[in-house]
Every structure is written in structure tokens, then in C-alpha cells.
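All remarks here apply to the structure that follows.
The values are calculated or read from the model by the stated rules, or taken from the named source; none is laboratory data. What you see is a predicted model; the values in this text were computed from it and never measured. We place every Cβ from the backbone using ideal geometry, glycine too, and count neighbours over all the protein chains shown. Quick note on the areas: whole protein, heavy atoms, side chains included, nothing else; ligands and nucleic acids left out. Shrake-Rupley method; radii C 1.70, N 1.55, O 1.52, S 1.80 Å.
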Amino acid sequence: MLIIIVTWNKKDYVLDLLNSLSSITFPRDQLDILVIDNASNDGTVEALKAQFDDIQIIRNTENLGGTGGFNTGLTWAYDQAESRYDYLWLLDNDVVVHQNALSELVAVLDANPDIAVAGSTMMQLDYPWRINEMGAFVDLQNGNLLFNRHYEEIPSWRGKQIDDLLVDNADLSQVLMHCQPQMDVEYVAAASLLIRAPVAKQTGLWMDFFIHFDDVEWCLRTAKTGHRIAVSAKSLIWHLSAAAKVPNWILYYDNRNVLYLLDKYSDKLAVKNTIRRTLKKYLYYQLIGKTDLAELHVQAITDFEQGTMGKKNIQLPYKFEKIATISRILNDPAIKKIVVPWTINMQASNIEHIFVSAMKNRPELEVFYIVPPHNPQRQLTNTIPILMPRSVLSRYLKYFRLRNKFDIALQSDYQTILPLSWIARENLFTNDEYFCLRPAPQLSRIIRQLPSFVKKWYQAGK
């Protein structure tokens, strides 16, 4: 069997993965491990060579994305003698695997000759007791992935460490209601995907999406040839949840590639409706002040219409900085009034003490805290409360009256409040690790772009 791992600048993650692979129950002498490095510059290859002498590494000369990386590995596998590998196991670089993850996938394929692809149940690395997905179904009318068992939890796992969970009993069919040991799905993520080697070669390489939806298309293409796709409730991996990932340049690939997917497997109406939903997202990002991310949605549509695929050179004007450096903003004498919403978890982002220190050093700094009607608790001391009414309309009016009263409004990347983006000179978007300072949205700019928006909206409906 061949294990194919693609990595790019995630040295610590891929080392954690390989360490978890060293403890799996599947016989090591029956495994070859092939790591495709997409031109990492963080010392990944050097670390791999220093710690593992039983793996093979192929170094690409540039970052080819997940698509190019896996295609590099698949091309190498297809060139081998047909008798060399029965199965190919594709793994993301930022997962850790249960000790039985591979043996349970092999058991599914060995017992079911008509199943060609078996995938693992994906748990959340940041919330290890929570299921991220147990396979998925593909909504070809709306361009969505319908994750099976999404966010279901195993309460008895709360408080347990990952290292313990990797060796504990992992049969979710024994702890979840109405859960079978395996089930048929339409898609399993290449975060952990086992495929019969002859079927993989028959299906061919991945479409050149660079990242995202490439494994979805591969599963759909495999199923078109008459093969079943299944997910195992006994094979578990842990992967960082999507909720912990911040919207960035990846939005371009998500919105472009899903259009290619629908164009190939659905109909023109589904493509048109998805383009219109993408334009709605464009407008939303404009309204919250993330204009650069808004433009990615338009670029995605344009490139799809022009048949552009593969990697795109994306240069975003606003950069994320480490959360620890937010003190330079708070200590700027030009910043006198800051408003903080309840949506920001001051503990999780570890910025509470930075705010307290800045307020102590600068008595003139006023920090206002927006208090929601449903939860009047606060997370910061010595703040000036702004009480929000229960009615949605009343809340919008309140935000409107607060316009131009603040220098900076904090916003959560995970839970953005649209009208909050309009009340300060600048918006500071923050998450658990990084922050990004952006100017407030300008109504005049949005109005200037309305004609092109309306034109695209009209063309999408034709």
C-alpha cells in the first residue's frame, strides 16, 4: 500500500501526522510513505529527513496546491508496476490518525468488492469530541456539501487528550444513535481517503483546481464509473475545524471551483443560481468592509466564464498580524475611542490582558463594549457599556446613531456584525491568532460599483 501526503509550509503538522502513523496497527512493512513537498521554505524537508529515514520525498519546484501535489503523487503511483500497490491512502498534512484508521478502511474495501473508495470519519482537532463530517453528500443544485453527522458530539470524550483518543475505542457505531459501521456517501475528503489503486488509475488525475473541490470532483467521477463511495464509523482522523479558519484568498478557489463542478455534473440553472449567490456574497463582503475579499468573488466568476483553472496569483492588500502585536494599535495616541462587540472571545484570542494594559497606560483611551440583549455579560473591565435593544430594526437604528463616534471598531472574523463595520473610521478584524486592520466601507465606492454588479446579476440570469 502507498500513503500519499501533500504538504506546504506545515512542518509541525506533518511531523505530528507521521508520528501518529508510526503507531497505527497496520503492518509497517506493507506500507510505503510518499510525501510530496510543494516547495516549502519552513524547513519541512530537512526535518522529515532528520526524523524519518523510511519515507520517500518528492520536492516540487513550486507550490502546486493540493491538486498539483496529489497529482504528483498519483502520477508516481500510476507509473509503478500494477502489482506493487493494491490501495492508495491519501492524507492531508494537518491531520492525526487513530491507530485503527487504516486497518478499518482496508476492512471496508476487503469486505465489499464494489466499494472503491473508503473514507474516515473526520473529528475536529480543536474540539476532539465533535464530528466534523462522516462523509458528505453533494447538493448539485446549490453547490453545497451536506456533511453527514456534522457537529454531532461524543460527550464521554470531553476532556480527553488527543493522544489518548488516538488509542481508545473508536467505533462510533457503538456510541451514536442509528449509526452503522459504514454507510454509502457521495464524497469523502482526501484528508483520509483510501482508494483501490486500479480504480484510481482508471479514474485518472484530479482536475486542476489548485485546492478545494478537487477531491469532490474525483469522488463524483469515480462514482460515475459504477463504483461505490463509503465512509467508516470505525476509522477516525482529527483535523482542524473549518470554524477555526479565517476567510482569505481561499474564497477565490471555493467560488470558482464549485462552478466548474456544477458545470460538469449539474445543469445551467444550477450554475446561474450559484453565480447569483456568489454575487450576493460579493456584496456582503463589500458591506462589511472586506473589499479585497469581495473582489475575489467577482474574479472567481470571471475566471470560470473564461475557462481559467489552476493556480492564480492572488495579492491581497491587507495583511494579518499576530494577535500579540495588537498593542501597537491600542497604544497609538491617535486612537482614542474603541468599540468592542460581545462576539469577540477575549479569552480565546488572548487579548484581554493587552486591552487592560493599554487602558492602564493610557487613561484617555475609552473602550466601549456592546452588550447584547440576550446575554448582558461583559468580558472587559472599566469599559463603557452600549446596551443593544432586542428588536433587529432597533439595533440597526442604534448602530446608525453611533456612526463616526469611534476610531476603531473590533470585529470577529468568526461572527461579523454588518452594521458595526460602518460606525468607526477603521475596522480591526480579529480571530484567535491574527488581526487585520481595514478602513471602514465607503458608500460612494459601493454605489460606483453597482452598475457592474447589476450587469453581472442580469447576465447570470439570462
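Taking the criterion of being surrounded by 15 or more Cβ atoms within 10 Å (Cβ to Cβ) and in a helix (DSSP H, G or I), the residues of the range 319-336 that qualify are Ile323, Ile326, Ser327, Ile329, Leu330.
The set of residues in the range 265-318 being of a type in the set (Val, Ile, Thr), within 30 Å of Phe70 (Cα to Cα) and surrounded by 18 or more Cβ atoms within 10 Å (Cβ to Cβ) consists of Val271, Thr274, Ile275, Thr278, Val298, Ile301.
Only one of the listed residues (Gln286, Gln315) is touching a residue at least 24 places away in the same chain (Cβ under 8 Å), over 21 Å from Phe213 (Cβ atoms) and of a type outside the set (Lys, Arg). That residue is Gln286. Of all residues in the range 250-264, exactly one satisfies the criterion of being surrounded by fewer than 17 Cβ atoms within 10 Å (Cβ to Cβ) and of a type in the set (Lys, Arg), namely Lys264. Reported count of residues in the range 275-312, each being among the aliphatic types (A, V, I, L, M) and farther than 26 Å from Asn38 by Cα, is 8. In this structure, Asp214 does not satisfy being in contact (Cβ under 8 Å) with a residue 24 or more places away in the chain, open to solvent by 50 Å² or more (accessible area, probe 1.4 Å) and within 21 Å of Asn71 (Cβ to Cβ).
None of Gln161, Gln182, Gln202 is farther than 19 Å from Phe70 by Cβ and at pLDDT 95 or above except Gln182. Of all residues in the range 115-136, one or more are assigned to a loop (DSSP other than H, G, I, E, B) and open to solvent by less than 10 Å² (accessible area, probe 1.4 Å). Checked against (1) open to solvent by 10 Å² or more (accessible area, probe 1.4 Å); (2) in contact with a strand residue (DSSP E or B) (Cβ under 6 Å, 6 or more places away or on another chain), Ser241 passes all but condition (1). Scanning the range 148-163 turns up no residue that is open to solvent by less than 10 Å² (accessible area, probe 1.4 Å), in a helix (DSSP H, G or I), hydrophobic (A, V, I, L, M, F, W, C) and out of contact with any Leu (no Cβ under 7 Å at 6 or more places or on another chain).
Could you check the range 348-366 and list, in sequence order, the residues that are over 21 Å from Glu321 (Cα atoms) and assigned to a loop (DSSP other than H, G, I, E, B)? Residues satisfying the conditions are Arg362, Pro363, Glu364, Leu365.
Looking at Asp168, is it free of Cβ contacts under 8 Å to residues at least 60 places away in the same chain and closer than 14 Å to Leu236 by Cα? Here the answer is yes, as Asp168 does meet what is asked. Which of the residues belonging to the range 9-54 are open to solvent by 30 Å² or more (accessible area, probe 1.4 Å) and of a type in the set (Val, Ile, Thr)? Selection gives Thr25 alone.
Tell me, yes or no, whether the range 182-204 has at least one residue that is without any contact (Cβ under 8 Å) to a residue 24 or more places away in the chain and open to solvent by 70 Å² or more (accessible area, probe 1.4 Å). Yes.
Going by the structure shown, is Leu102 open to solvent by less than 30 Å² (accessible area, probe 1.4 Å) and over 14 Å from Ala190 (Cβ atoms)? It is true that Leu102 is open to solvent by less than 30 Å² (accessible area, probe 1.4 Å) and over 14 Å from Ala190 (Cβ atoms). Considering every residue within the range 91-99, establish whether at least one is without any contact (Cβ under 8 Å) to a residue 60 or more places away in the chain and either open to solvent by less than 30 Å² (accessible area, probe 1.4 Å) or farther than 19 Å from Thr222 by Cα (or both). No, the range 91-99 contains no residue that is without any contact (Cβ under 8 Å) to a residue 60 or more places away in the chain and either open to solvent by less than 30 Å² (accessible area, probe 1.4 Å) or farther than 19 Å from Thr222 by Cα (or both). When the residues of the range 260-300 are filtered to those that are more than 24 Å from Ile446 (Cβ to Cβ) and of a type in the set (A, V, I, L, M, F, W, C), the one that is farthest from the chain's Cα centre (by Cα) is Leu269. The strands (runs of 3 or more DSSP E) falling completely within the range 367-462 that include 3 or more residues that are open to solvent by 20 Å² or more (accessible area, probe 1.4 Å) and of a type outside the set (Gly, Ala, Ser) map to 384-387, 434-439.
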